[in-house]
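**Q** Let me give you the structure first, and then I'll get to my questions.
Rule-based calculations on the coordinates, nothing more; no lab input. Predicted model only: the values in this text are computed from it and were never measured. Ideal geometry is used to build each Cβ from the backbone, glycine not excepted, and the neighbour counts take in all protein chains shown.
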């Protein structure tokens with residue numbers, strides 16, 4: 001019987017590459033997004049679109065559609081990057097990034113807990129920019145804060161879900177050539193997806209709650 005993975009933000013970038021990677025590995029892929037793409041339709045067994053993961057009503061509708069579905073892996077991938085400069089900070093921008101990057105993964109995870117059983121895994125796609133120790137360049141107030149919050153949420157989820165046999169990882173994909181960074185990255189989405197999948201495969205209850213680069217490097221909080 002095939003394993004099943006649900007990926008948010010699956011219509012492009014790293015999310016799409018993850019969908020394609022798991023499809024090629026023989027998994028059943030459920031792709032969640034606001035607007036689907038032809039590439040996702042070809043990679044996923046099921047596409048659930050018109051879902052804004054920041055909206056309780058949409059996430060509730062997602063949970064209803066998945067009633068009775070068993071998930072082996074949940075990948076919270078949907079993300080948003082804006083830039084802010086000290087002296088002209090847009091607090092609405094920071095608030096939006098917190099909603100997408102931090103609150104939404106927690107909202108989706110809580111809503112889909114009935115789908116996750118003993119042995120299931122959760123991967124939160126975060127960023128090393130959420131690391132306090134690694135911040136030596138400043139700026140990116142909203143993105144850094146939202147990813148730091150996601151890391152904190154993920155660590156608490158790891159503690160709270162361990163008794164249910166569910167392991168959780170915070171994974172930095174690397175500097176990836178996607179629209180988010182105007183395609184100026186160092187690795188392709190496919191390379192990032194392969195590394196993320198390796199980290200997920202290695203994840204266990206013994207290592208739950210960790211924060212890793214997709215290349216396997218442990219990252220500091």
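**Q** For residue 90 paired with residue 42, estimate the spin-label separation in nm (one decimal), with each label point 7 Å from Cα along the Cα-to-Cβ line.
**A** For residue 90 paired with residue 42, the spin-label model returns 3.4 nm.
**Q** On average, how much area does the Cα convex hull of the stretch 4-213 cover when viewed from any direction, in nm²? Working shown, then result.
**A** Values: hull surface 44.4 nm².
With every direction weighted equally, the projected area is 11.1 nm².
**Q** Take the chain, connect every pair of alpha-carbon atoms lying under 10 Å apart with a spring to form a Gaussian network, then pick out the residue of 51, 30, 187 with the largest mean-square fluctuation.
**A** Result for the chain, Cα springs under 10 Å: 187 fluctuates most.
**Q** Still on this structure, I have one more. Quick one: P(r) of the stretch 109-160 from all Cα-Cα pairs, 10 Å bins, percents rounded to integers, in order of increasing distance.
**A** The distribution over the stretch 109-160 is 22, 45, 23, 10, 1, given as percents.
**Q** At a 10 angstrom cut-off on C-beta neighbours, averaged per residue, how do the peptides 68-75, 168-175, 87-94 rank from highest to lowest?
**A** 168-175, 68-75, 87-94
**Q** In addition: Where does each of 86, 157 land when they are ranked from fewest to most other beta-carbon atoms within 10 angstrom?
**A** Lowest to highest Cβ neighbour count: 86, 157.
**Q** Using 0.36 nm per residue of separation minus the Cα-Cα distance, give me the extension gain between residue 137 and residue 206 in nm, one decimal.
**A** Going from the current span to full extension adds 21.5 nm.
**Q** Counting other beta carbons within 10 Å of each residue's own, what order do 54, 4, 126, 188 fall into, fewest first?
**A** Listing 54, 4, 126, 188 from fewest to most nearby Cβ atoms yields 188, 54, 4, 126.
**Q** I need two numbers for the stretch 10-112: Rg to one decimal and Dmax as a whole number, Cα atoms only, in Å.
**A** Using the Cα atoms of the stretch 10-112, the pair Rg, Dmax is 14.9, 50 Å.
**Q** Just the Kirkwood number for the stretch 1-59, please: inverse of mean 1/r across all distinct Cα pairs, in Å, one decimal. Write out the running numbers ahead of the final one.
**A** Values: mean 1/r = 0.0899 Å⁻¹.
One decimal place: 11.1 Å for the Kirkwood radius.
**Q** A further question follows. How many percent of Cα pairs in the stretch 117-221 exceed 23 Å?
**A** 26 percent
**Q** What list do you get for 83, 49 if you sort them by fewest beta carbons within 10 Å?
**A** Lowest to highest Cβ neighbour count: 83, 49.
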